[in-house]
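Working notes, structure below.
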Amino acid sequence: MALAFQKFTLPIRSTHTLDLASEPQPVRFSGKIRKDDDDNKVVDVAIKGFNFEVRSNGRLEDFEIGVQKVSASWRSSGHTSGEVVVEAQLAPRPDVARNQSWTYQGSVEVLVIADLEDSK
């Protein structure tokens with residue numbers, strides 16, 4: 001059993017405050033990812049930090065947050081690879097949420113941890 005770590009900073013492109021942003025990041029490890037007793041890959045993703053800024057008509061603005069959500073998940077795609085998917089949403093309180101001039105952007109830093117099989 002050998003643990004492998006990879007760190008990524010995923011950009012969150014300019015997104016309207018009513019919309020969910022979703023950013024995938026391909027990941028490949030140097031060895032085969034171990035499976036547990038239930039046949040699940042032993043991989044996890046941790047959010048190290050995030051940074052958002054809010055703009056109105058392109059100008060940086062102060063912002064009253066109504067909803068703030070950041071999540072990271074793993075999707076397997078092979079013996080040694082998969083992708084991290086970060087989802088983010090930043091929305092104002094409901095009475096200003098429909099204003100089309102409000103957008104957010106930023107970044108989310110993640111750490112991917114995988115348990116690799118011993119090489120034979």
message: Regarding the stretch 55-69, can at least one residue be identified that is within 20 Å of L10 (Cβ to Cβ), modelled with pLDDT under 90 and surrounded by 15 or more Cβ atoms within 10 Å (Cβ to Cβ)?
response: yes
- request: Could you tell me whether any residue of the stretch 77-86 is touching a strand residue (DSSP E or B) at 6+ places or on another chain (Cβ under 7 Å), among the polar types (S, T, N, Q) and in a strand (DSSP E or B)?
  value: yes
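If you check F52 against the conditions, is it part of a strand (DSSP E or B), surrounded by 13 or more Cβ atoms within 10 Å (Cβ to Cβ) and either at positive phi or of a type in the set (F, W, Y) (or both)?
Numbers: part of a strand (DSSP E or B): yes; surrounded by 13 or more Cβ atoms within 10 Å (Cβ to Cβ): yes; either at positive phi or of a type in the set (F, W, Y) (or both): yes.
Against the criterion (part of a strand (DSSP E or B), surrounded by 13 or more Cβ atoms within 10 Å (Cβ to Cβ) and either at positive phi or of a type in the set (F, W, Y) (or both)), F52 qualifies.
This table checks each residue for (1) loosely packed, with under 13 Cβ neighbours inside 10 Å; (2) more than 19 Å from L20 (Cβ to Cβ); (3) modelled with pLDDT of 95 or more.
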site	(1), (2), (3)
T80	no, yes, no
V86	no, no, yes
Q89	no, no, no
R93	yes, no, no
R98	yes, no, no
Y104	no, no, no
S107	no, no, yes
V110	no, no, yes
D115	no, yes, yes
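Within the stretch 30-41, does at least one residue satisfy the condition of being in a loop (DSSP other than H, G, I, E, B), on the phi > 0 side of the Ramachandran plot and surrounded by fewer than 15 Cβ atoms within 10 Å (Cβ to Cβ)? Don't jump to the end; show me each part of the working.
First pass over the stretch 30-41, keeping only residues in a loop (DSSP other than H, G, I, E, B): 30-32, 34, 36-40.
Then keep just the ones that are on the phi > 0 side of the Ramachandran plot; that gives 39.
From what is left, the residues that are surrounded by fewer than 15 Cβ atoms within 10 Å (Cβ to Cβ) are 39.
Checked against the condition, which is being in a loop (DSSP other than H, G, I, E, B), on the phi > 0 side of the Ramachandran plot and surrounded by fewer than 15 Cβ atoms within 10 Å (Cβ to Cβ), the stretch 30-41 yields at least one hit.
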- request: Would you point out which residue out of S71, S119 is polar (S, T, N, Q) and in a strand (DSSP E or B)?
  value: S71
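The values are calculated or read from the model by the stated rules, or taken from the named source; none is laboratory data. Since this is a predicted model, take the numbers as computed values, not measurements. Reconstructed Cβ throughout: ideal geometry from the backbone, glycine too, with neighbour counts over all protein chains shown.
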